[in-house]
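Quick one: this structure, given as structure tokens, is what I'll be asking you about.
The values are calculated or read from the model by the stated rules, or taken from the named source; none is laboratory data. Computed from a prediction, not measured in an experiment: that's the story for all the values here. Every residue, glycine among them, receives a Cβ derived from its backbone with ideal geometry; neighbour counts consider all protein chains shown. Protein only, heavy atoms only, side chains kept; ligands, DNA and RNA dropped before computing areas. Shrake-Rupley method; radii C 1.70, N 1.55, O 1.52, S 1.80 Å.
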Amino acid sequence: MKRRALVVLALCAMAWLMEVGLARYFAEHDAIAALLVRRELGTALLLLSLLCLRLFTILVAPGLCLYWCVARSYPSRS
Amino acid sequence: MPSLRAALQGSRLRRLVLAVGCFALTVATIPRFVCGRDADAFFDGDSAHQQALADGVIAAIAHRNGPDYYRTGVARFDGQSAIAIDQMLIMGVSQIIQLHPELRAKYLPTLRAVAAHLVDPKTLAYAAQEYPQHGVVAMQRGEGHAYLGYINLALGMLRAVDPDMPLQGLHDRLSAELAERLFASPTGLIETYPGETWPPDVAAVAGSIGLHAKLTGRDRSAQFAAWAERFSRCSVGAGGYLIQRVKSGGCQPLDAPRGSGTAVAAYFLSFADPALAARFESALQNQGRRTLLGFAAIREYAPGFEGNGDLNAGPIIFGVSVGATGFGLGGAAVHRDREWFRELFRTLDLFGVPTAGAGAERFVVGGALGNALLLAMLSARPT
């Protein structure tokens, strides 16, 4: 259980750190022209990654953490 | 909780139920809380939030070198985006000053500098390629120059907080010439460029004339009532959405009724014809509103229409567009619909990715253009 908890926490922390890093990149590199006019695939993929990470940290990670908290409160048979 | 433990112990099915329950609980509560925590501050005009966003936009354009902010090589995009950034920055900051007059001294020098850039014909050199000259320089009979609606609206907002602005004469001239064209048009429309008529641009023209009338104490309500009837007959399509483009000289649609154009028109027209603005706002809520778990977005195409959008709409995902949703915040703010504003704001916060630093805040996905637009929308108030 402890190992699983660490994996969950590490996953959430990594996603959050990557989100912060990508957000910082886009804060310094205005992507509007690249996306709307030049339709650069690389920029689009980076932005998609940022949005996926954000969806993960806001939508999925809280559920993972809550599940871990509840699940660890009773003993596992395995 | 021994009974709960016993019930859950060991069973895979029960673990699955537990997992689904945890996800359902968190998805239904945490995202709407996290993403909506700043919504009320913006809706209520909190000075710190508004200043942070305004300072973020001002910092973003501070590095501009030359007339354009973006240099894509596409003259039309580069020029129009520069105009939009200048216009929305002036509108947003002026709206903030109207609510917090103590900030006037802080922002006025920036506003005047941005306005000088906005009216420089070099900023939208594209206009002078399409017409013999930029409309700021001169407008000949029969020429529409509806792109001037954006410039003139910004001048009006600046004048509202800076009655002695040096560009007063230009504001008066543009308003008079645009009004003459708009109110004489049998369709209620004028061209943006030769052969191009875009009703959302015309809404900006109307808004700028309405704002000028308010500032100068002139009553144009009868003219606007008659104009609104002609404009609606020609430009309002399915579901009460505004048609994005019509054929010049008539009312033949060249594009679908679109959410991005309708939403920005609802904001612009609040300066000229609040009743028509309210009709567009109502159409967006009745026909375009898509909500899920406290998040809302606005569909780009009216029911029965489909398409791939354009630069005005931005990306379209599952039928809802970034442009319509972003501009929709302005209408929600103007019409003081707190719950609608909150729902749209949560979506902005989730996908816009706000970041703060050095006293400034911005939505990193929006870039300078997106943040300038959001500044105007998030600080919008009833006129």
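Taking the range B:296-346 as the region of interest, how many residues are away from every other protein chain (no Cβ under 14 Å), in a helix (DSSP H, G or I) and within 11 Å of residue B:260 (Cβ to Cβ)?
Counting residues in the range B:296-346 that are away from every other protein chain (no Cβ under 14 Å), in a helix (DSSP H, G or I) and within 11 Å of residue B:260 (Cβ to Cβ) gives 4.
Within the range B:347-363, can you find the residues that are surrounded by fewer than 24 Cβ atoms within 10 Å (Cβ to Cβ) and either away from chain A (no Cβ under 12 Å) or in a helix (DSSP H, G or I) (or both)?
B:349, B:350, B:351, B:352, B:359 - these are the residues of the range B:347-363 that are surrounded by fewer than 24 Cβ atoms within 10 Å (Cβ to Cβ) and either away from chain A (no Cβ under 12 Å) or in a helix (DSSP H, G or I) (or both).
Applying the selection to the range B:344-373, what residues are within 18 Å of residue B:100 (Cβ to Cβ) and in contact with a strand residue (DSSP E or B) (Cβ under 7 Å, 6 or more places away or on another chain)?
Correct list: B:361 only.
Further, regarding this structure: Got a sec? Which helices (runs of 4 or more DSSP H) wholly within the range B:1-109 have at least 3 residues that are away from every other protein chain (no Cβ under 14 Å) and under 30 Å from residue A:57 (Cβ atoms)?
Passing ranges, in order: B:39-43, B:47-61.
Which of the numbered conditions does residue A:31 fail, given that it passes all the others? Conditions: (1) at the interface with another protein chain (Cβ under 8 Å from one of its Cβ atoms); (2) in contact (Cβ under 8 Å) with a residue 60 or more places away in the chain; (3) among the small types (Gly, Ala, Ser).
Failing condition for residue A:31: (2).
Scan B:140, B:133 and give me the residue that is closer than 22 Å to residue B:74 by Cα and not small (Gly, Ala, Ser).
B:133
Right, something else. How many residues does the range A:34-62 hold that are under 30 Å from residue A:5 (Cβ atoms) and at the interface with another protein chain (Cβ under 8 Å from one of its Cβ atoms)?
8
Another question, then. So, in the range A:14-28, exactly how many residues are away from chain B (no Cβ under 11 Å) and open to solvent by less than 50 Å² (accessible area, probe 1.4 Å)?
Within the range A:14-28, residues that are away from chain B (no Cβ under 11 Å) and open to solvent by less than 50 Å² (accessible area, probe 1.4 Å) number 2.
Pairs, please: C-beta under 6 Å, at least 6 apart or cross-chain, first residue without any contact (Cβ under 8 Å) to a residue 60 or more places away in the chain and aromatic (Phe, Trp, Tyr) and in the range B:273-292, second in a helix (DSSP H, G or I) and open to solvent by less than 10 Å² (accessible area, probe 1.4 Å)?
What qualifies is B:280/B:262; B:280/B:265; B:280/B:266.
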